[in-house]
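For reference, the structure discussed in these notes is given below.
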Amino acid sequence: MDLLSRLTEDMKAAMKSGQKDRLGVIRMLISEVKIIDMQPSKPTAEQAVESYAKKLRKSLEEYEKLGKTAEVDKLKFEIGVADEYLPKKASAEETERLVDAFLAANAFTEKQAGQATGAFMKAHAGQVDPALVNPLVRKKLAGK
């Protein structure tokens, strides 16, 4: 089942069960997925949902800085709903194992950390969190 179909089915279920907050988030995700055709880069449905979740995370950071707890709680709920539709990312331990295996198979120097990170992300796109990868690669290359 493609992502749009899954979102539509979940929207119907949320409407029937009266989950208004969840319904609102799902409707936003459907909107993001439907406007893909109008974007010049033509992202996938998963990338559209990931982009929306990223916007929510940035808003969450800002509201946390301002100390607005009601908005923070609402955004955490929305992020949780959006994350349900994203492929699962590897944990920090799994990411570290993948980085170790990648660096063992490839010869990069400490000065090539950026190139190593880029090559790793191309090989494992969507499977790992980029925020974890960059510092991990730099630390591993520095320790060689």
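The values are calculated or read from the model by the stated rules, or taken from the named source; none is laboratory data. From a predicted model like this one, the values you see are computed outputs, not experimental measurements. Positions of Cβ are generated from backbone atoms using ideal geometry, with glycine treated the same way; all protein chains shown enter the neighbour counts.
Please enumerate the residues belonging to region 86-128 that are under 18 Å from the mean Cα position of the chain (by Cα), surrounded by 12 or more Cβ atoms within 10 Å (Cβ to Cβ), of a type outside the set (Ser, Thr, Tyr) and not in a helix (DSSP H, G or I).
Result: Leu86, Lys89, Ala90, His124, Gly126, Gln127, Val128.
Does Gln47 fit the bill of being free of Cβ contacts under 8 Å to residues at least 12 places away in the same chain, surrounded by 14 or more Cβ atoms within 10 Å (Cβ to Cβ) and either out of contact with any Gly (no Cβ under 7 Å at 6 or more places or on another chain) or not in a helix (DSSP H, G or I) (or both)?
Criteria met by Gln47.
In region 89-105, which residues are among the charged types (D, E, K, R) and either touching a residue at least 40 places away in the same chain (Cβ under 8 Å) or in contact with a helix residue (DSSP H, G or I) (Cβ under 7 Å, 6 or more places away or on another chain) (or both)?
Answer for region 89-105, where residues must be among the charged types (D, E, K, R) and either touching a residue at least 40 places away in the same chain (Cβ under 8 Å) or in contact with a helix residue (DSSP H, G or I) (Cβ under 7 Å, 6 or more places away or on another chain) (or both): Lys89, Glu96, Asp100.
Are any residues in region 71-85 assigned to a helix (DSSP H, G or I) and within 13 Å of the chain's Cα centre (by Cα), and if so, which ones?
Those that are assigned to a helix (DSSP H, G or I) and within 13 Å of the chain's Cα centre (by Cα): Ile79, Gly80, Val81, Ala82, Asp83.
What's the number of the condition Thr95 fails, among (1) touching a His at 6+ places or on another chain (Cβ under 9 Å); (2) within 30 Å of Gly24 (Cα to Cα)?
That leaves (2) as the condition not met.
Pick from region 130-144 the residues that are surrounded by fewer than 12 Cβ atoms within 10 Å (Cβ to Cβ) and under 17 Å from Glu94 (Cα atoms): which of them is modelled with the lowest pLDDT?
Ranking the qualifying residues of region 130-144, first place goes to Ala131.
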